[in-house]
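A.B. asks: Quick one: the structure is below, questions incoming.
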2 protein chains.
Amino acid sequence: MARIVMKFGGTSMAGSERIRRVANIVRRQQAAGHEVAVVVSAMAGETDRLVNFCREANPLYDPAEYDVVVASGEQVTAGLLALTLQALGCKARSWLGWQLPIHTDDAHAKARIESIDSEALLASMAAGEIAVIPGFQGLTADNRVTTLGRGGSDTSAVAVAAAIGADRCDIYTDVDGVYTTDPRIVAKARKLKNVTYEEMLELASVGSKVLQTRSVSLAMKEKVRVQVLSSFIGDDAVPADEIPGTMIVSDEELAKIQEDLDMESQLITGIAADKNEAKIILTRVPDRPGAVATIFSPLAAANINVDMIIQNVGRDKGETDVTFTVPAADLLRAQTLLEAQKEAIGYNRIITDSKVAKISVVGVGMKSHAGVASTMFRAMADRGINIQAISTSEIKVSVLIDEDETELAVRVLHTAYGLDAAD
Amino acid sequence: MARIVMKFGGTSMAGSERIRRVANIVRRQQAAGHEVAVVVSAMAGETDRLVNFCREANPLYDPAEYDVVVASGEQVTAGLLALTLQALGCKARSWLGWQLPIHTDDAHAKARIESIDSEALLASMAAGEIAVIPGFQGLTADNRVTTLGRGGSDTSAVAVAAAIGADRCDIYTDVDGVYTTDPRIVAKARKLKNVTYEEMLELASVGSKVLQTRSVSLAMKEKVRVQVLSSFIGDDAVPADEIPGTMIVSDEELAKIQEDLDMESQLITGIAADKNEAKIILTRVPDRPGAVATIFSPLAAANINVDMIIQNVGRDKGETDVTFTVPAADLLRAQTLLEAQKEAIGYNRIITDSKVAKISVVGVGMKSHAGVASTMFRAMADRGINIQAISTSEIKVSVLIDEDETELAVRVLHTAYGLDAAD
């Protein structure tokens, strides 16, 4: 017997027919002898509908009341899944965020989970009841409803798994696992059996939107084994205990798996593309101590994430061009802030470009291998793709290129690193 | 300064535009110096949508999970009204059923309110915050969500008014008060300035669906002054302190009002018609002690409300025909039960008719006046309307007639009792 948390997203919960499908998947796990808790999202589209109501009511909405409104979407699906499980003959009950409770801080609309009281939950599960828990929601110390921010249900699932000491947290999505790259771009992309937390974090942060980044961080911190798999597999196609998706594991666990299979560790695990970046160039910034701080302090204060930063040699002595990227959604805000600081920074011109893409190659294997970056640069140069900026981490190399060349770059790199599936 | 509870129904809460209208009405009361709590229904149609989801999930649904699902409708409108009030510059916050809490018994889907903790609510209102409370919902002793049954928001409003000692409970609906009869049937119907709790109960129970019966009973018990008025009056047409609707008061209060105005008490207050009854006749029931009990015990056990009962003299000695009415919605269930009991009861034939209507004349004035019933029978006989059954109470005379004659009967009686408005 194992203790399993299963999480289903909005697409899987969209309507009675799909909820019945989910209930059948859940029932199969229980029938296999496992203790099961299920975390659910709102029906696809419902959170948008509720957010829209809030905006219409008050464009500068109070996040505490916003939370009251939007948390209702998951409350509905939690009740409906419990009812559907009961219709299939299972014992089931819903546990709302304030009932467990799921304690959070009071940062409404983007709250962080602090702890989950698991005693009643574990007792109910031990008695054979399937626990159905709405994702995305929690409770402050002064008894008010919070939500965790968009996509927060993944985090709820991992937090519940940590709280009840689950053997596994299965995240059911509309893809059937994590791929070497987006299969819509590269037909020969392969599904990965395992990725490490760190790799998943890098992939998530550079545009592979399978899991919410926060949920992966939490899983890494709490050592929760997370599996990504599809809720659209046939009901009886897969035995309950087989692992049909991608398992996210620690470095050590991955090493052990590779050793057991007598497999060489892969240099590169995956390639991700992110079109949601925008580039800003400030020309002729005075080349003196503290100049860079005057650029980035106001952006940090405004909570704008700066990613890649390059300082180019300027045309004139004593001056330099500074290039960096921000999320495309924050470009206008960043631009306004920087224009207000024009004199303080002392730059000459501000140039922006949102038609850029960040291409990243990710893999824990590169830690111990030289030449990963040069393979990347060579492959791109051979196809005439111009690199505008470069940034690297322990397990990632990212480059900024023209957005129009995104698909070409991903295909070229997928082949260059030997990731293409055999025909 | 007064302390006022205002309640808005689903039609008033249907969409952002209407919620803004409601917020303006609420703000005007606060601007007049009153402490205000608002009780809201779900958006029109929303509860039906949620109930439908529950039925699809599980036709024999668990009422505890049903409550989790359907309570969400009022949670949404409570948050949205708080947001809208804030947008108008008011301080406002929502208080969900479990937050106050509103304690109920554990009869899920038809719970009864036991008590409401008002301390935090009163403190918030005293600090100038408008309290927005979702109607229809409560909390059991073991921390689970309940709902009060359809139309329960009126009851929530009266219960909140009683708990906080409100000076008035204003129920905003899509009509602008209680009329002498349905204005769609009788153009000369007049809006009543006052009715007593007892009259309102009789009117509510015989088809004048302005207020939920339970809410009137509770108001009578807790001596809450309830006003019925329209939420579709112009925003600035009526000063905040004027009473534009119908006030529901005690007998004593009504007598005092009439004395103050040097007004004679009206014999009849209103005339109501109810087409939701069905008639059942059991022929040739043995005329012996206990026979009637065998008929009505199984119906009572099945929670079917029997209303009018007449025992006709049968054709043969030692036998009698028994006629009675049940809600039309329960007719099939009642018929099935009675057919199962055919031998035990010993009747010959069962005849049913759902094409009947109950017409009632209601008024506290009739307590001290003879001749109310005979005026009724005379007026109907003059127009050839056949009376199939009669029942009376202290302040009501009801007759059962052919459904096709409903409108005719109401008009005839409205004139006969001198209720027609002057031209």
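A.B. asks: Output the number of the condition that residue B:165 fails; it satisfies all remaining conditions of (1) surrounded by fewer than 20 Cβ atoms within 10 Å (Cβ to Cβ); (2) at pLDDT below 95.
C.D. replies: (2)
A.B. asks: Go through segment B:89-104 and report how many residues are more than 9 Å from chain A (Cβ to nearest Cβ), open to solvent by 20 Å² or more (accessible area, probe 1.4 Å) and either touching a residue at least 40 places away in the same chain (Cβ under 8 Å) or of a type in the set (Gly, Ala, Ser) (or both).
C.D. replies: 1
A.B. asks: Then there's this: As an exercise: evaluate residue B:218 against (1) at pLDDT 90 or above; (2) open to solvent by less than 20 Å² (accessible area, probe 1.4 Å) and give the number of the one condition it does not meet.
C.D. replies: Every listed condition holds for residue B:218 apart from (2).
A.B. asks: A further question on this structure: Which residues, counting only those in segment B:14-28, are more than 14 Å from chain A (Cβ to nearest Cβ) and either open to solvent by less than 10 Å² (accessible area, probe 1.4 Å) or free of Cβ contacts under 8 Å to residues at least 24 places away in the same chain (or both)?
C.D. replies: Within segment B:14-28, just B:25 meets the criteria.
A.B. asks: Right, here's the next one. Identify, please: which residue in segment B:79-88 is open to solvent by less than 30 Å² (accessible area, probe 1.4 Å) and at the interface with chain A (Cβ under 7 Å from one of its Cβ atoms) and is, among those, nearest to residue B:62 (Cα to Cα)?
C.D. replies: B:79
A.B. asks: Residues in segment A:156-165: is at least one out of contact with any Cys (no Cβ under 8 Å at 6 or more places or on another chain), assigned to a loop (DSSP other than H, G, I, E, B) and either in contact (Cβ under 8 Å) with a residue 60 or more places away in the chain or of a type in the set (Asp, Glu) (or both)?
C.D. replies: Yes, some residue in segment A:156-165 is out of contact with any Cys (no Cβ under 8 Å at 6 or more places or on another chain), assigned to a loop (DSSP other than H, G, I, E, B) and either in contact (Cβ under 8 Å) with a residue 60 or more places away in the chain or of a type in the set (Asp, Glu) (or both).
A.B. asks: Related question: Within segment A:44-76, take every residue that is facing chain B (nearest Cβ under 9 Å) and either among the aromatic types (Phe, Trp, Tyr) or farther than 23 Å from residue B:81 by Cβ (or both) and give me the one that is least open to solvent (accessible area, probe 1.4 Å).
C.D. replies: Selected residue: A:66.
A.B. asks: Then there is this: When only residues in segment A:278-305 that are of a type in the set (D, E, K, R) and not in a strand (DSSP E or B) count, which is surrounded by the most Cβ atoms within 10 Å (Cβ to Cβ)?
C.D. replies: A:287
A.B. asks: Any residue in segment B:225-232 that is out of contact with any Ser or Thr (no Cβ under 6 Å at 6 or more places or on another chain), crowded, with 16+ Cβ neighbours inside 10 Å, in a helix (DSSP H, G or I) and modelled with pLDDT of 85 or more?
C.D. replies: no
A.B. asks: Could I ask something else about it? Sort through B:301, B:389, B:334 and tell me the only one that's in contact (Cβ under 8 Å) with a residue 60 or more places away in the chain and not polar (S, T, N, Q).
C.D. replies: None of the other options fit; the residue is B:389.
A.B. asks: Just to be sure, is residue B:118 open to solvent by less than 30 Å² (accessible area, probe 1.4 Å), closer than 17 Å to residue B:13 by Cα, small (Gly, Ala, Ser) and touching a residue at least 12 places away in the same chain (Cβ under 8 Å)?
C.D. replies: no
A.B. asks: Identify the single condition in (1) of a type outside the set (Gly, Ala, Ser); (2) in contact with a strand residue (DSSP E or B) (Cβ under 9 Å, 6 or more places away or on another chain); (3) touching a residue at least 24 places away in the same chain (Cβ under 8 Å) that residue A:341 does not satisfy, given that it satisfies every other one.
C.D. replies: With (1) of a type outside the set (Gly, Ala, Ser); (2) in contact with a strand residue (DSSP E or B) (Cβ under 9 Å, 6 or more places away or on another chain); (3) touching a residue at least 24 places away in the same chain (Cβ under 8 Å) applied to residue A:341, the lone miss is (2).
The values are calculated or read from the model by the stated rules, or taken from the named source; none is laboratory data. The model shown is predicted, which means the values in this text are computed figures rather than measured ones. Note: ideal-geometry Cβ built from the backbone for every residue, glycine included; neighbour counts use all protein chains shown. Just the protein is used for accessible areas: all its heavy atoms, side chains included, with ligands, DNA and RNA removed. Shrake-Rupley method; radii C 1.70, N 1.55, O 1.52, S 1.80 Å.
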